[in-house]
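**Q** Below: one structure in structure tokens.
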Amino acid sequence: MKMDYSLRRRLILWISLPLLLASVITLLIGYFYSWQEIDEIYNAQMVHSAKVLMQLTKEELIEEGAPHFEMDDERIQHEYEAKLGFRIWNNGQLVSFSSSAKDFKDMTAPLGFSSQRINGQKWQVFVLENAQHKMRIEISERYDARYELIIQLMGALIVPGIFFIPAILFIVGVGVRKTLKPMIKISADVDQRNSGDLSPIRSQSLPKEIAPLVVAMNNLFTRLNESFKREREFTDHAAHELRTPLAAMKTQTQVLMKKSAHIKDKSYIEGLENLQDSIDRTTHLVEQLLSLARLQSGDIQKETFNLSVCLDDCLQEYQIIAKNKDITLTKSIASDVWIFANDMAVTILIKNILDNALKYTNQNGSVEVILTSKGRMEINDTGQGLSDRDKKRVFERFVRADKTGQTGSGLGLSIVKWVVDQHDISISLEDNRPHGLKVILEWQLV
């Protein structure tokens, strides 16, 4: 059966995608919000620095009449200072500037904030003027200082996420697997059952989402079990009712054949023979139905018994049939091969396979039976064999792949398949070279 989709994968996907999407959205919102805040903080700092310089310059102007500042010593600069700068004018003359502002000679910035590109780099510039004292203060800062900070902040968010998100996804996967564990157990329970096990599934300690499904399945099993039980009872009763009249008909036919020994009408004799063959076929069908009904009447009671002895006993019964058909029946049976199974079911299985092998093997053919000490059984015949298509169908009820005209009910191998399923036996059909069929059974030893 084709699996359309995995419920576990779908749950993990529906949980993980919103989580990842929320993480990305949070990261984007954090980026824009952080950039805005950093921009505001740095701009406020530039305004504050400009006001401080303006105040200090005014005090210098009041005390000495003209401001005078020493150039800053480049030897004691912080590496970050290369991204900061200032310039001070008085009466239109540049009276002081930072070492990082030496290349700002041609820059003319308007009052307030503005963006300037100097030597290929983008600077944020703030200009503050005092008309009364004819003073002008310029505070400048490279934009990459802000970029570096936002990158560091985003890195502080992304790097832990690289480790945390897989861990969260793993935890989600484990949680989903544990959540679906009851369904997996139910699936395994049903999958391990044989075809005749319709007992209810245990419904204790199940999630309320799964409980209705289990209850519905148990109700279905109950209805199927009752239906199969009625079918078996009908088959059993019908077969029993047919046995007596069939036996009487066969007896009467045999009596008629004895009394008609002196009759020379060949059509009369052929009619009686055909009637007897029909009665034999019907009797065989009834016996097969009874065997199937007995096997399916209840739980299979298993016990440890010797498969070697069981197989040898069955072969003793079929030696006469093989001799009457001029078929060579040989055996190679390892001693003391013990299995845990139902002896009646195993006997029916072996007899059905032997019956088919002898039935479809031509006169002067051979049937070989092998049982190894490892529990491998082979029944090889030299009949016409089966096509690959027929090998897949012969285990179905009332399916017959015979083209030789032999009589049969089409139930023999379906009974074999039922016994095999009940005992977890491996069965396979192969070609027996140069012609014929090889039935291979792998038994579980004890």
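**Q** Can you pull out every residue in the range 324-343 that is within 16 Å of ASN380 (Cβ to Cβ) and surrounded by 13 or more Cβ atoms within 10 Å (Cβ to Cβ)?
**A** Across the range 324-343, the qualifying residues are ILE327, THR328, LEU329, LYS331, ILE333.
**Q** Using the structure shown, decide if ILE139 is out of contact with any Lys or Arg (no Cβ under 7 Å at 6 or more places or on another chain) and not assigned by TED's automatic domain parsing to the domain that holds LEU128.
**A** Judged against the criteria, ILE139 is not a match.
**Q** Restricting attention to the range 161-177, does a residue exist that is in the same structural domain as PRO110 (by TED's automatic domain parsing) and closer than 30 Å to ASN43 by Cβ?
**A** yes
**Q** Show the residue pairs that are 6+ apart or on different chains and have beta-carbon atoms under 8 Å apart, the first residue being within the range 273-293 and modelled with pLDDT of 75 or more, the second being hydroxyl-bearing (Ser, Thr, Tyr).
**A** Close Cβ pairs satisfying both conditions: LEU275/THR253; GLN276/THR253; ILE279/THR253.
**Q** Does PRO207 satisfy being outside the structural domain of SER115 (by TED's automatic domain parsing), without any contact (Cβ under 8 Å) to a residue 24 or more places away in the chain, in a loop (DSSP other than H, G, I, E, B) and in contact with a helix residue (DSSP H, G or I) (Cβ under 8 Å, 6 or more places away or on another chain)?
**A** It is false that PRO207 is outside the structural domain of SER115 (by TED's automatic domain parsing), without any contact (Cβ under 8 Å) to a residue 24 or more places away in the chain, in a loop (DSSP other than H, G, I, E, B) and in contact with a helix residue (DSSP H, G or I) (Cβ under 8 Å, 6 or more places away or on another chain).
**Q** Mind counting the residues in the range 429-441 that are touching a Lys or Arg at 6+ places or on another chain (Cβ under 6 Å) and within 18 Å of SER414 (Cα to Cα)?
**A** Residues meeting the conditions: 2.
**Q** Out of the range 355-380, which residues are polar (S, T, N, Q), assigned to a loop (DSSP other than H, G, I, E, B) and over 17 Å from ARG433 (Cα atoms)?
**A** GLN363, THR372, SER373
The values are calculated or read from the model by the stated rules, or taken from the named source; none is laboratory data. On a predicted model such as this, the values are computed, not experimentally measured, just so you know. FYI the Cβ positions are ideal-geometry reconstructions off the backbone, even for glycines, and counts take in every protein chain you see.
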